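Bear in mind that the values in this text are calculations on the coordinates, not laboratory data. Quick caveat: nothing in here was measured; it's all calculated off a predicted structure. Using ideal geometry, Cβ is built from the backbone for each residue, glycine included, and neighbour counts are taken over all protein chains shown.
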Amino acid sequence: MRRLILFVFFSALSFLTYGQNFVTEDGKAVFTSKAPLNEFEGVSQKLHGLIDLDKNLVDFYLDLNTLDTGIGLRDRHMRENYLETDKYPFAEFTGKMLTVPDLDSGDWVAVEVEGIFKIHGKEKQIRIPGMLKKEEKGLVKLQADFEVLLGDFDIEIPKLVFYELAEKQLVHIEADLKLQN
């Protein structure tokens, strides 16, 4: 009986220590705009997110005011005229993996998530392909790439800047997610 109690205790302790809930507060998000006359990137190191493998929940958000294109005037115009960050400060994604991966191998594993992406007050269901890799000490690495069409989210591009701002934005995210205790 004592062995059974010890087994249950250590199994519960193992579950608490090696849960499947991973978080980040300093992931990287990069968008690339490739317009006919201008190509530029916006970068933020403040991507917040959660991957809960037990509940199959993927949840990320980014304060759009943290995006930096390297040119202050362009950043101000992006925030005020296009993203309207006073009204809509965050980009958000909440979804589920189509198949929850086994990350015990330590290799990169392809995943695909489906869920709701929200920006500029508009929501759209999307699928995002990505890669996950579990490393030692409860760390999971994430990389993903997807496209965002500004028109899908009522972000208008004035004809005057059509050749400098692309309708299609390429988004790349990467993060080291730590085991949440």
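Calculate, for Lys133 and Arg79, the FRET efficiency according to 1/(1 + (r/R0)^6) with r their C-beta to C-beta distance and R0 41 Å; round to the nearest 0.05. Efficiency for this residue pair is about 0.75. Springs join every pair of Cα atoms under 10 Å in this Gaussian network model of the chain, and among Leu53, Leu98, Leu150 the largest mean-square fluctuation is at Leu98. In this structure, the amide hydrogen of Leu177, modeled 1.01 Å from its nitrogen in the peptide plane, lies closer than 5 angstrom to those of Val140, Lys141, Leu142, counting only residues at least 5 positions away or on a different chain.
At full extension, Val43 and Glu147 could sit 35.9 nm farther apart than now, given 0.36 nm per residue minus the alpha carbon distance. Of the residues Tyr82, Phe117, Ser33, the one whose Cα sits farthest toward the positive end of the charge dipole of the chain, with +1 on the Cβ of Lys and Arg and -1 on the Cβ of Asp and Glu, is Phe117.
Here r is the Cβ-Cβ distance between Asp104 and Leu170 and R0 is 30 Å; the resulting FRET efficiency, rounded to 0.05, is 0.40. In deg cm²/dmol and to the nearest 500, what is the mean residue ellipticity at 222 nm of the chain if only DSSP H runs of at least 4 residues count, each as -39500 (n - 2.57), divided by the residue total? After summing the helix terms and dividing by residue count, I get -3500 deg cm²/dmol.
Looking at the stretch 20-61, the pairs of alpha carbons with a distance over 12 Å make up 64% of the total.
The coefficient of translational diffusion for the chain, derived via Stokes-Einstein from the alpha carbon Kirkwood radius under 37 °C and 0.692 mPa s, stands at 183 µm²/s.
With 20 Å as the limit, the listed pairs Lys87/Lys124; Lys87/Lys118; Lys46/Lys124; Lys46/Lys96; Lys28/Lys178 have Lys46/Lys124; Lys46/Lys96 beyond it between alpha carbons.
Label-to-label distance for Gln125 and Ala35 is 3.3 nm, based on points extended 7 Å past Cα in the beta-carbon direction.
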